[in-house]
1. Of all residues being basic (K, R) and assigned to a loop (DSSP other than H, G, I, E, B) in the stretch 88-142, which is farthest from G57 (Cα to Cα)? Just the residue, please.
2. Give me the residue from the stretch 74-83 that is surrounded by fewer than 23 Cβ atoms within 10 Å (Cβ to Cβ) and in contact (Cβ under 8 Å) with a residue 24 or more places away in the chain and, out of that set, nearest to V119 (Cα to Cα).
3. Would you confirm, using the coordinates I've provided, whether E312 is more than 23 Å from the chain's Cα centre (by Cα), part of a strand (DSSP E or B) and either in the same structural domain as G45 (by TED's automatic domain parsing) or farther than 25 Å from A383 by Cβ (or both)?
4. Out of everything in the stretch 133-147 that is farther than 12 Å from A67 by Cα and surrounded by 23 or more Cβ atoms within 10 Å (Cβ to Cβ), what residue ends up being nearest to the chain's Cα centre (by Cα)?
5. May I ask you to verify whether L155 is in a helix (DSSP H, G or I), at pLDDT 90 or above, in the same structural domain as Q99 (by TED's automatic domain parsing) and under 17 Å from G80 (Cβ atoms)?
6. Can you confirm whether the stretch 3-20 contains a residue that is aromatic (F, W, Y) and modelled with pLDDT of 90 or more?
7. Between G302, G296, G283, which is in contact (Cβ under 8 Å) with a residue 24 or more places away in the chain and farther than 27 Å from A172 by Cα?
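The values are calculated or read from the model by the stated rules, or taken from the named source; none is laboratory data. These figures come from a predicted structure and were not determined experimentally. Don't worry about glycine lacking a Cβ; one is built from the backbone with ideal geometry, like all the others, and counts go over all protein chains shown.
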Amino acid sequence: MGEDFWLEGASGLPGRHAECGVLDELINLVQSGGSRVLVVWGEPGVGKSVLLDYLAGRAAGCRVVRAAGVEPEMELAFAGLHQLLAPMLDRASQLPAPQRDTLRTAFGRSAGPAPDRFVVGLAALGLLSEVAAERPVVCVVDDAQWLDRASAQVLGFVARRLAADPVGLVFATRLPGAELTGLPELAVEGLGWEDARVLLDSALTGPVDEQVLDLIVAETRGNPLALLELPRRVAPGELAGGFGLPGTVPLPGRIEDSFRRQLEGLPEETRRLLQVAAADPSGDPLLVWRAAGRLGIPAGAGAPAADACLMEFGARVRFRHPMVRSAAYRSMPVQRRREVHAALAEATDPAADPDRRAWHRAQAAATPDEEVAAELERSASRAQDRGGLAAAAAFLERAALLTPGAVRRAQRLLSAARGKRDAGGLAAALGLLVAAEVGPVDALQAAQVERLRGQIAFASVAAAMRPGCCCAPRGCLSRWTLAWPARHIWRRSGPRCSRVTWVGLAVCGRRPRLVAPRRAVPTRRVRSTSCLTRSRYGSRRDTRSPRPC
């Protein structure tokens, strides 16, 4: 299921002989006691998930564990890692105590300090090693582009440190992210012309002109899922004449539009069931059916969706393609979306999964609600304790939006801005600071806003100093880039930040000089960039009185 699928042969996949050969080599190496990592990447619908299914089917004698990134869970720290390692947690007792305790804290099974991601990575590596001691392990991670950042970092850490253990780790993603940089890759492209024509012929229900078939293959660029879905989307008469082939819509949009049309042909109760399943990415069938029961959806509503191969109910609820989930969720009007999230919140056990319940309650809220905001704030605290900085920031931002009181809202916006900064979202943090300043802030909060703004400014400069950055070619830092944050902090600080008396280095003309404060100049000068001044002008000190720029 997963990303896409098409007809499979007993000897392999049509048009994928080279890719299947790479995967066979990986499996043979793992089965013989070695380790191997591979990143399979390509555009949506090109067949990455089919290749993962092929890999899992060929892993005879190996223990296969699977996980899939889900877009709504990108803000939940370690959600993807938990999905992958949950079947192995019974062996966690064999890990060293620090690693075992850190892993339990990261997965919310025990309280403790915020887990260090390095230790979490060591724990994941040790757990795979323990399990692989019994028999080889093949880990398959689909839709890695939607993994939460913490899980992606840990799995990238593990992938670079697999040594002599018989472990295979295979990712499927649209584009390799920074966490997977440097790992072996397998690029999956569209099918060749002949293979694409064979696949297209298998999906047609009537005769079509040869020129039209060639046009379809060219439009889809050999994308297998597009080749299968386009004939379902266009009427036979239009397809035969070549009039139903819009070339202006991007390929992913056309695929999702095709799924949307298929959803429209289902009974109303079935569509509502798919919408409930699409709103909760956990894949828990019991949770989906409990929420469906609260909405009055009968038990037999899932049969038409299964018959249409759009979704299946098993140990987990699985959509045929992530775009089916997206099409089902986007088809809901705002009011129905709130009703669905409210039903899911009521069906979620507050003791077993309080964070998911809080998120559903937040999505169901139509107006500010302090009770929901407070619950989100508690979820943010738990996420931060687990080391989920991005998750904590997302919870705090949503809590601020649902806060009815202006004073409390400003406090939560400031906390959310800190969280965004810690998670690396500098632009989002600045936007939250602007919103926080609108609300009533006292002198301390105003100073905190300016201090945080200055930290973001210097962090932006540090990012510009990285080699290869478009703002700093060849790693060189522009003098104006250096001067901007110093000027910015100085001019905005005013009387609220009296401790900031000499700030940075302002490059004016051909010589650098210190920026004069608005308040009285202290007797002791602080030259925060003396090393830069000394490198360009020697050890000479500037004894002249500072002048304002």
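1. Of everything passing the filter in the stretch 88-142, R109 is farthest from G57 (Cα to Cα).
2. Only one residue fits best here, namely H82.
3. yes
4. Per the stated criteria, the residue is V137.
5. So L155 passes the test.
6. no
7. Going through G302, G296, G283 in turn, just one is in contact (Cβ under 8 Å) with a residue 24 or more places away in the chain and farther than 27 Å from A172 by Cα: G302.
This table checks each residue for (1) assigned to a helix (DSSP H, G or I); (2) assigned by TED's automatic domain parsing to the domain that holds F78; (3) in contact (Cβ under 8 Å) with a residue 60 or more places away in the chain; (4) among the polar types (S, T, N, Q).
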| residue | (1), (2), (3), (4) |
| --- | --- |
| R382 | yes, no, yes, no |
| A394 | yes, no, yes, no |
| A427 | yes, no, no, no |
| L432 | yes, no, no, no |
| A436 | yes, no, no, no |
| A447 | yes, no, no, no |
| R451 | yes, no, no, no |
| G454 | yes, no, no, no |
| S460 | yes, no, no, yes |
